[in-house]
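Read the structure below first, then the notes.
No lab work stands behind these numbers, since they all come straight from the coordinates. Nothing here was measured: the structure is a model prediction, and the numbers come from that model. Cβ placement follows ideal geometry from the backbone for every residue including glycine, while neighbour counts extend to all protein chains displayed.
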Amino acid sequence: MRTFDFTPLYRSAIGFERLAALAETAASNRQSGNNFPPYNIEQIDDNNYRITMAVAGFDEAEIDISTQNNELLIKGTKVTVAKEDDQRTFLHRGIAERNFERKFELADHVFVNGADMKNGLLYIDLERQLPESMQPRKVVINGAKTLSAE
């Protein structure tokens, strides 16, 4: 497996510490092989995204979704598995009902719009909301005003 040294980036770039840390985190997650629960990330349009996560066997009350400091955290905690498993005999157990924690790094100005659960799938809708000061503006030649680009 490859390891990357981001030290030269820290020496020559200012303000990119978060990007290098994100790359290091992504590399370590890929190496750890943690892929439960399975999920998709899709881009709906230029500013809207959706995470779809397979959470079969989990109830809405057993899933916690929170955001803090550009990080989306999804936790699934099974409450009844240990009690019920003592009384049941499985011939085959293919549905993983284990606790999980999945983290996603969100870019600046990306916010969670809402979440929905249907047919064993958890849907989390995200939207990028650029402040007006960061939106493109058209500069008029020999003009005194700057117009917003639309």
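Close amide H pairs (under 5 Å, H built 1.01 Å from N) link V55 with L121, L122, residues at least 5 positions away or on another chain.
Here the spin labels are modelled as points 7 Å beyond Cα on the Cα-Cβ line, and at N35 and M134 they lie 3.2 nm apart.
Here the calculated FRET efficiency for E101 and D59, from their Cβ-Cβ distance with R0 = 25 Å, stands at 0.90, rounded to the nearest 0.05.
Sorting 92-100, 50-58 by their mean Cβ neighbour count within 10 Å, with the most densely packed peptide first, gives 50-58, 92-100. Along each principal axis, taking the top coordinate minus the bottom one, the Cα set of region 45-122 gives 49, 24, 18 Å in descending order.
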